[in-house]
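What follows is a set of notes on a single structure, which appears directly below.
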Amino acid sequence: MFENKVVVITGAASGIGQAIAREFEKQRAILCTIDQKPGCYFTGDIGREDILLSFARRVIDDYGCVDILINNAPPLMKGLDSCSYEEFNQALQVGITAPFYLTKLFLPYFAAGASIVNISSSRDRMSQPFTESYTAAKGGISALTHAMAVSLSGRVRVNAISPGWIDNQDEQWEDSDILQHPAGRIGKPQDIASMVLFLCSEQAGFITGENICIDGGMTRQMVYSGDFGWEYRPGER
């Protein structure tokens, strides 16, 4: 389905990004990945304009077009207690500015039937204390998704995925962790990668501007202390 399609993925060296890259590789796509960690097609910090320009120029020089853009690179997670002005702006640069600017740079080169998938987070609708930089960036990319879908109407489909609790390390979890998920388990990177491939396929040709939350139902489960075995214990972490 994706053989010889040019697929650009940010933050592809580990976790969800790596799982997405592997799935496209199985489909014989042409991968143009970028990460700060070495080993990708391009190494660099997408929070920097010069890196984005160099990366986009290399992709176009090498292949001439882009079929799929996956904006996955995660922003910094810090909050009101510790996040500096510079760190907050850096989180927004990685999480919002880079997806916007890469789309702008690739705009003349998107192939017919092109697709963009932005990786947001269920934190675009719920929060823990002191996670403002990450949450703001994820809220921004969710809004940017429907804005770009309208601007690129008829040219590029643009959708987002909001992952919930995803286990990137294959850890062992307590029953209390699992029971927070109506699906009965913690999420895996493959859960997100599978949806990415679907959204980029012709089967999803009538879907654009959507944000699909993949969280095992966690954000749908109402929790009240004292009901159904849930108990809130202030001060405990």
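Quick rundown of the values:
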{"read-out": "Charge-dipole axis of the chain as Lys and Arg at +1 and Asp and Glu at -1 on Cβ define it, positive-most pick from SER84, ILE192, PRO99", "value": "PRO99"}
{"read-out": "Nearest-0.05 FRET efficiency for SER54 and ILE212, computed from C-beta distance (R0 25 Å)", "value": "0.20"}
{"read-out": "Computed over the chain: relative contact order in percent, which uses C-alpha pairs under 8 Å that are six or more apart", "value": "18 percent"}
{"read-out": "Gain in span if fully extended, ALA143 to ASP177, counting 0.36 nm per residue against the direct Cα distance", "value": "9.3 nm"}
{"read-out": "Only Lys, Arg (+1) and Asp, Glu (-1) charged, at Cβ; the range 6-220 dipole about Cα centre in debye", "value": "600 debye"}
{"read-out": "The chain, helix-only ellipticity at 222 nm - DSSP H runs n ≥ 4, -39,500 (n - 2.57), divided by all residues, nearest 500", "value": "-10500 deg cm²/dmol"}
{"read-out": "Gain upon complete extension [GLN169, LEU107; 0.36 nm per residue less C-alpha separation]", "value": "18.8 nm"}
{"read-out": "Debye log10 I(q)/I(0) for the range 76-131, one point scatterer per Cα, at q = 0.13, 0.14 Å⁻¹", "value": "-0.47, -0.53"}
{"read-out": "Net lengthening on full extension, SER225/SER153 (0.36 nm per residue, minus Cα-Cα)", "value": "21.4 nm"}
{"read-out": "Residue with peak Gaussian network fluctuation, the chain [Cα springs, cutoff 10 Å], from PRO38, PRO74, PRO99", "value": "PRO38"}
{"read-out": "Relative contact order of the range 104-221, pairs being alpha-carbon contacts under 8 Å that are 6 or more residues apart, as %", "value": "33 percent"}
{"read-out": "Positive-end residue, the chain charge dipole about Cα centroid, Cβ charges, pick of GLY205, ILE46, ILE166", "value": "GLY205"}
{"read-out": "Spatially proximal lysines relative to LYS138 (Cα-Cα < 18 Å; intrachain offsets below 8 disregarded)", "value": "LYS78"}
{"read-out": "Rh by Kirkwood over Cα pairs, then Stokes-Einstein D for the chain at 1.567 mPa s and 4 °C, µm²/s", "value": "70 µm²/s"}
{"read-out": "Neighbour-count ranking [beta-carbon atoms within 10 angstrom, fewest first] of ILE178, ILE192", "value": "ILE178, ILE192"}
{"read-out": "Per-q log10 I(q)/I(0), the range 159-233, q = 0.12 Å⁻¹ (Debye; single scatterer per alpha-carbon; no solvent)", "value": "-0.43"}
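FYI, it's all coordinate maths here, none of it is from the lab. Computed from a predicted model, the values in this text were never measured in an experiment. When we count neighbours, we look across all protein chains shown, and the Cβ atoms used for this are built from the backbone with ideal geometry, even at glycine.
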